[in-house]
Every structure is written in structure tokens, then in C-alpha cells.
1. All but one of (1) outside the structural domain of Glu126 (by TED's automatic domain parsing); (2) free of Cβ contacts under 8 Å to residues at least 60 places away in the same chain hold for Pro6; which doesn't?
2. Looking at (1) within 22 Å of Phe102 (Cα to Cα); (2) assigned to a helix (DSSP H, G or I), can you tell me which one Glu72 breaks?
3. Can you pull out the residues in the stretch 84-98 that are more than 19 Å from Pro6 (Cα to Cα) and either aromatic (Phe, Trp, Tyr) or surrounded by fewer than 16 Cβ atoms within 10 Å (Cβ to Cβ) (or both)?
4. Could you identify the single residue in Leu53, Leu27 that is part of a helix (DSSP H, G or I), within 18 Å of the chain's Cα centre (by Cα) and farther than 23 Å from Glu124 by Cβ?
5. Condition first: assigned to a strand (DSSP E or B) and free of Cβ contacts under 8 Å to residues at least 24 places away in the same chain. Now tell me which residues in the stretch 104-120 satisfy that.
6. All but one of (1) free of Cβ contacts under 8 Å to residues at least 24 places away in the same chain; (2) touching a helix residue (DSSP H, G or I) at 6+ places or on another chain (Cβ under 9 Å) hold for Glu82, so report the exception by its number.
7. Would you say Leu44 is more than 23 Å from the chain's Cα centre (by Cα) and either surrounded by 14 or more Cβ atoms within 10 Å (Cβ to Cβ) or under 27 Å from Arg111 (Cα atoms) (or both)?
8. Does the stretch 21-42 contain at least one residue that is touching a Lys or Arg at 6+ places or on another chain (Cβ under 8 Å), aliphatic (A, V, I, L, M) and modelled with pLDDT of 95 or more?
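The values are calculated or read from the model by the stated rules, or taken from the named source; none is laboratory data. These numbers were taken from a predicted model, which means no experiment stands behind them. Quick reminder, even Gly has a Cβ in these numbers, built from the backbone with ideal geometry, and neighbours come from all protein chains shown.
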Amino acid sequence: MSGEPPVRIELSPSRALTGAILFVHGLGAACAVLVLPAPWGVALGAGLAALGLAAAWDRALLRGACAVRAIEPSGPEQATIELRNGERFSARISGRRSVNRFWLALPVRLRRRRTLLVTADMLEREAFRTLRLWALWGKVPDVAPTPLSA
């Protein structure tokens, strides 16, 4: 990337991911209640439900202090990650990326390894397309110049 200003992609909360996290943790809690004896099953079920709420709050609703709020691609395997608390990190993105039309998973190496899951409803359509192209090809697409009027 030459002297162009960096592309900044800001994430917004995802209702779909929130629902999926809560649904899966709810199923796990129900299974624990059904399979284990009453006090242990209820305790494990409550713990799984609480874990689901915490995961949805942090990862899908982006409310945790360390939730990722923005991504600025700066090279094929480099990006600047901004957290909700205002911290910014230059992070290396691993080569094993998973990309499809509904979501993309970016293995990020910050202080510890973490996978950043971005769903389609977290971004505007064009921003999600730009992020998917960067994840696949390592480059942000150039913007076509506006045509001159005659």
C-alpha cells in the first residue's frame, strides 16, 4: 500500500452472532440439566448460560473493554486493531483465514492468539466486501476514480 490513507473498518454489534451464541449455550445448559443429577446439572447449566451471556456481551455485542471495534488493514498479513477501550495494536494475521459470504475468521496474534470472527451484519455491505477481499488476497481493492463529466 502506497501513501494512501489506511482503510478503517469499524465493527458494529451483531444480532445474528448474539442469537447464535445464546442459542448454543442455552442448548448446552439444557443438556447439562437433563443429563446430570439435579444440583450438579442446574449448577453447570447456570454456568453455561452465564458463559453464553458473557461471550455474547464481549464478542457479538462488542461491549467488553477488550472487544475489537475497528480494523485497519496495513499489508497482506498486518493490520492495526483498535479495541473498545481505545488501545491500538499492530497485529499479525495468520495465513489460515476462513472466509465466506456470511462471516470471516481472522487468526490474530496480539499479546496472545485470538481469532476474530466478523459476521456480515457487523459491517456495511461494501466494507464487508473490502474486508473479505483483504483477507483472501492481502490487498484492499483500489477505488475507481470518479468519471469526469463532459
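1. (2) is the only condition that Pro6 fails.
2. With respect to (1) within 22 Å of Phe102 (Cα to Cα); (2) assigned to a helix (DSSP H, G or I), Glu72 is out only on (2).
3. Result: Asn85, Ser94, Gly95, Arg96, Ser98.
4. Only one candidate qualifies: Leu53.
5. Correct list: Ala105, Pro107, Arg109, Arg113, Arg114, Thr115.
6. (2)
7. Yes, satisfied.
8. yes
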